[in-house]
């Protein structure tokens, strides 16, 4: 121990970061905290929330049933504005799903240990968001019962194959792959936790289904080794998958010739926007969950802070993309492109554009300030408004561009019908119903992963390297 | 086979790791370890070989990509090529997204299946953790006693030194498990019976359905069972089909003429043509508008075989269709208008009938144009021709000409 110049050494010493998981938890405590909500009866608050979301879901289901029986005429679409709420909602929900994959997969590859508290719920959010998203292309078909024609199976019509050059076909493969891989990633990651819940469960129906779902997991080191390898491999697959899926979704627009759609910026722009809106949704869900399920020790400022910063980063990327689009149109000299932007800001949907810019570009800038990041009420409000803004971004891109295309004689306005509004609400009902059921029946936090980042039982400093 | 295993329980991850290193330093070989989470450094401590699942993933990705690329090429360029917007049939850049997705899908699903198979995880497998609490907060180390010189006391010392909580010696039943053999055997047997029963039932159902379809398919010429024939048979009435429930069965009244239809009351024979030539006159006046119309109709309907100049050198005639005789020289020049009209209406030898394609006025106007090609002056004998035609009833409905021969 040096005596002189102690001042220098002390000031250069690395500060000890606050623990990821507060409350000095042991692995046993983690097990109990996370399994407790599964083992006790659900609270009144859970029942209230579930009844609200199921009611909304039923309203949406009724609207969709009516629409499938009566036809697309029940929507407000017209000859010029052929896509509106249906595709807006589709892109919105897919975008939300992407943040879950970001948190599970991409942060795993970057070895960010703070992801362990939120990755299970984030992946669940992805699954449910992709389910909500996948419903919209299905119901927006004129004959949804023939949706199986999208699959290239040998058939008696020639065989008539699908058009592999169409982005709508790419969409089908992309969404199907994304859903399957996300589901596998979520489930494989959950097997050890299901085993933990199984070993605590008394004999009965719950024990039987956990027995079945945990596949006889026993915690052997070799199995853990292979499990870690599979998770890394799936993460490595899921990361380019996220980028490819939303790029393909954006090509639904980018490959058309419509001004305002036909731009090469769309794939990166959409991917950034998707991660942005998804992070906001994760923040919303996490802040609710930690309060309602008493998981404040597991979702701490050490988790909320980096998520706010990521939200700020992706939000700024989205803002930069808006500016780039605008500059490209201006610099191009193409009067149709230039008009698109004049129309977006000052046309009949200018109000939607204002909401979009305010919520997506201006509002997230508040996250520069640590005081805002620490005030959870503000974070919650901002996260909800970000999602509102992102919905309006897709709405503006789709409806404002379609409604004012090359030929003024085709220009048309659009207004949603009650059926479309009910369907949108119903998709939220479906999402929250699924999420509430997930909270009730499945371990919300990845116990196995959280235990591995506790400081308990390690020599020296904590933190996973 | 080992006779006994030593099962050691630990309560901290660090203790487990240190114990493994100590045990290996002492010459004993741990055969497995159990943990409630993936312990960092456990693989190295145990000396586990890196998993080969990475290779599986990579190979499956390549396989998925190749198959999907071939499939897209085969469907788009070989099996049923369709020109979509003029894009090349083998649209490689457009095929890329689906190739990527297929690669990811095959790799992901395949790797997970390989993982489950390699780890022997499956629904219905009985978990075989050696001590309780492995999935909660306990760690375990398994060491096999390989030979008679096994020094249990020394091992105990090493393990205790590194914080072992419980040390047991066990006789393994089957593998590492410690399930009670009797119960498990009984449970296994009845479950196996149930599975077998289910399998047999499914096989029987499958065979029965195959036989039923084979026997029930019957007449190959008859249309088979349709699934969802939603747009195959339109419920709307067809225009020219007869339906009993409609007035007159939806059939037109006998003798109905189409609008602007003029039946030509001459037989479709050479004699009929000559008779028409003697009896009919061109009712259309030869003013500029009519001649221009005739020229336009000629260019659209006649020039393909007859050529723009009427010399029988049209595009179709040059490509194998028997060329018609010239319209501007030879017999055509001497043919009267009525005969030309008959020929246009009914056709002649290789020329098909144009009576269904052109209205009567247009056919007369074409004849004006033909005369112009022939260099003859067009005679505007409109009124005189109209009267003489009416008297010959060449263009009147059959009602006034019942005594005429049975002509169409």
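The values are calculated or read from the model by the stated rules, or taken from the named source; none is laboratory data. Given the structure is predicted, the values throughout are model-derived calculations rather than measurements. Backbone-built Cβ (ideal geometry, glycine too); neighbour counts: all protein chains shown.
Odds and ends about this structure:
- Condition met for residue A:448 (surrounded by 23 or more Cβ atoms within 10 Å (Cβ to Cβ), in a helix (DSSP H, G or I) and at pLDDT 95 or above): no
- The number of residues in the stretch A:183-226 being over 24 Å from the mean Cα position of the chain (by Cα), touching a residue at least 24 places away in the same chain (Cβ under 8 Å) and surrounded by fewer than 24 Cβ atoms within 10 Å (Cβ to Cβ) comes to 3.
- Single residue of the stretch B:1-22 satisfying the filter (outside any helix (DSSP H, G or I) and facing chain A (nearest Cβ under 9 Å)) that is surrounded by the most Cβ atoms within 10 Å (Cβ to Cβ): B:12
- Lone unmet requirement of (1) more than 30 Å from residue A:151 (Cβ to Cβ); (2) part of a helix (DSSP H, G or I); (3) within 11 Å of chain B (Cβ to nearest Cβ) for residue A:191: (1)
- Any hit, the stretch A:233-254, residues being closer than 19 Å to residue A:27 by Cβ, in contact with a helix residue (DSSP H, G or I) (Cβ under 8 Å, 6 or more places away or on another chain) and surrounded by 21 or more Cβ atoms within 10 Å (Cβ to Cβ): no
- When the criteria are applied in full, residue A:257 meets the requirement of being assigned to a loop (DSSP other than H, G, I, E, B), within 14 Å of chain B (Cβ to nearest Cβ), over 19 Å from the mean Cα position of the chain (by Cα) and without any contact (Cβ under 8 Å) to a residue 60 or more places away in the chain.
- Scanning the stretch B:106-131 for residues that are in contact (Cβ under 8 Å) with a residue 40 or more places away in the chain, touching a strand residue (DSSP E or B) at 6+ places or on another chain (Cβ under 9 Å) and facing chain A (nearest Cβ under 8 Å) returns B:128, B:129.
- Here residue A:234 meets each of (1) free of Cβ contacts under 8 Å to residues at least 60 places away in the same chain; (2) at the interface with another protein chain (Cβ under 7 Å from one of its Cβ atoms) with one exception, condition (1).
- The set of residues from the stretch B:19-48 being touching a residue at least 60 places away in the same chain (Cβ under 8 Å) and over 15 Å from residue A:228 (Cα atoms) comprises B:19, B:20, B:22, B:23, B:26, B:28, B:29, B:30, B:31, B:32, B:33.
- Residue within the stretch A:92-114 that is assigned to a helix (DSSP H, G or I), buried (at least 17 other Cβ atoms within 10 Å of the Cβ), without any contact (Cβ under 8 Å) to a residue 60 or more places away in the chain and touching a helix residue (DSSP H, G or I) at 6+ places or on another chain (Cβ under 7 Å) present: yes
- Residue within the stretch B:132-153 that is surrounded by 15 or more Cβ atoms within 10 Å (Cβ to Cβ), part of a helix (DSSP H, G or I) and facing another protein chain (nearest Cβ under 10 Å) present: no
- Pick from the stretch B:23-39, criterion in a loop (DSSP other than H, G, I, E, B) and surrounded by 20 or more Cβ atoms within 10 Å (Cβ to Cβ), ranking: farthest from the other protein chains (Cβ to nearest Cβ): B:28
- Residue match in the stretch B:46-58 (condition: closer than 24 Å to residue B:156 by Cβ and more than 9 Å from chain A (Cβ to nearest Cβ)): yes
- Qualifying residue in the stretch A:430-439 (condition: over 22 Å from the mean Cα position of the chain (by Cα) and buried (at least 22 other Cβ atoms within 10 Å of the Cβ)): no
- Restricting the stretch B:80-101 to residues that are assigned to a helix (DSSP H, G or I) and within 7 Å of another protein chain (Cβ to nearest Cβ), the residue that is surrounded by the fewest Cβ atoms within 10 Å (Cβ to Cβ): B:95
- Residue B:328 falls short on exactly one of the conditions (1) part of a loop (DSSP other than H, G, I, E, B); (2) within 52 Å of the chain's Cα centre (by Cα), and that condition is (2).
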